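**Student:** Encoded as structure tokens, here's the structure I'll be asking about.
The values are calculated or read from the model by the stated rules, or taken from the named source; none is laboratory data. This is a predicted model, so every value here is computed, not measured. Neighbour counts run over all protein chains shown; Cβ positions are idealised from the backbone, glycine included.
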């Protein structure tokens, strides 16, 4: 099967050696997506809703480039600095995932690479 690497231009992709998403056949994995804007700066500092929305915006574009969409998502993983923010993150998730109703994991982590980030999100999709 052909392997398609999807980039969003983040300079860390080449420094660290990762892709925003990888598609192999009908399978798409979107890696840990942080709330980073096109300028490379954190979006919504201190605002978990704004950061969650930015993560889903980035993920949605990666899915589009991979030839997919939210309807193909089968799993989401939400990583939060403060687990008490789960309802806010879930409220945003609902806007994107209500139709597909993928499985989900929500967990608290001690910190991210950038201390301004409150959330990172991963998704997996299968094109049916």
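**Student:** Taking residue 13 and the conditions (1) surrounded by 12 or more Cβ atoms within 10 Å (Cβ to Cβ); (2) modelled with pLDDT of 95 or more; (3) out of contact with any strand residue (DSSP E or B) (no Cβ under 6 Å at 6 or more places or on another chain); (4) in a helix (DSSP H, G or I), which numbered condition does it fall short on, given that it satisfies the others?
**Tutor:** Residue 13 satisfies all of (1) surrounded by 12 or more Cβ atoms within 10 Å (Cβ to Cβ); (2) modelled with pLDDT of 95 or more; (3) out of contact with any strand residue (DSSP E or B) (no Cβ under 6 Å at 6 or more places or on another chain); (4) in a helix (DSSP H, G or I) except (2).
**Student:** Can I ask one more? Considering only residues that are part of a loop (DSSP other than H, G, I, E, B) and in contact with a helix residue (DSSP H, G or I) (Cβ under 6 Å, 6 or more places away or on another chain), look in the range 100-119 and name the one that is modelled with the highest pLDDT.
**Tutor:** Among those residues, the one meeting the criterion is 118.
**Student:** Let me ask something else. Could you say whether any residue in the range 31-44 is closer than 17 Å to residue 125 by Cα, surrounded by 12 or more Cβ atoms within 10 Å (Cβ to Cβ) and out of contact with any helix residue (DSSP H, G or I) (no Cβ under 8 Å at 6 or more places or on another chain)?
**Tutor:** So far as the range 31-44 goes, yes, one or more of its residues are closer than 17 Å to residue 125 by Cα, surrounded by 12 or more Cβ atoms within 10 Å (Cβ to Cβ) and out of contact with any helix residue (DSSP H, G or I) (no Cβ under 8 Å at 6 or more places or on another chain).
**Student:** Ok, one more. What tally of residues in the range 97-121 results from selecting those that are under 19 Å from residue 50 (Cβ atoms) and either surrounded by 15 or more Cβ atoms within 10 Å (Cβ to Cβ) or over 16 Å from the mean Cα position of the chain (by Cα) (or both)?
**Tutor:** Number of matching residues: 10.
**Student:** While we're on this one: Output yes when any residue across the range 118-127 is touching a residue at least 12 places away in the same chain (Cβ under 8 Å), over 22 Å from residue 10 (Cα atoms) and touching a strand residue (DSSP E or B) at 6+ places or on another chain (Cβ under 9 Å), and no when none is.
**Tutor:** yes
**Student:** Residues to consider are 67, 60; find the one that is touching a helix residue (DSSP H, G or I) at 6+ places or on another chain (Cβ under 8 Å) and closer than 23 Å to residue 3 by Cα.
**Tutor:** Answer to the selection: 60.
**Student:** Go through (1) part of a helix (DSSP H, G or I); (2) surrounded by fewer than 21 Cβ atoms within 10 Å (Cβ to Cβ); (3) touching a residue at least 12 places away in the same chain (Cβ under 8 Å); (4) under 12 Å from the mean Cα position of the chain (by Cα) for residue 88 and report which single condition fails.
**Tutor:** The number of the failed condition is (4).
**Student:** Please work out which one of (1) in contact (Cβ under 8 Å) with a residue 40 or more places away in the chain; (2) more than 14 Å from residue 30 (Cβ to Cβ) is the condition residue 83 fails and give its number.
**Tutor:** Just one mismatch for residue 83, condition (1).
**Student:** Scan the range 49-63 and tell me whether some residue there is in a loop (DSSP other than H, G, I, E, B), modelled with pLDDT of 95 or more and buried (at least 17 other Cβ atoms within 10 Å of the Cβ).
**Tutor:** no
**Student:** Might you let me know whether the range 69-79 holds any residue that is closer than 19 Å to residue 44 by Cα, crowded, with 17+ Cβ neighbours inside 10 Å, modelled with pLDDT of 95 or more and touching a strand residue (DSSP E or B) at 6+ places or on another chain (Cβ under 6 Å)?
**Tutor:** Among the residues of the range 69-79, at least one is closer than 19 Å to residue 44 by Cα, crowded, with 17+ Cβ neighbours inside 10 Å, modelled with pLDDT of 95 or more and touching a strand residue (DSSP E or B) at 6+ places or on another chain (Cβ under 6 Å), which makes the answer yes.
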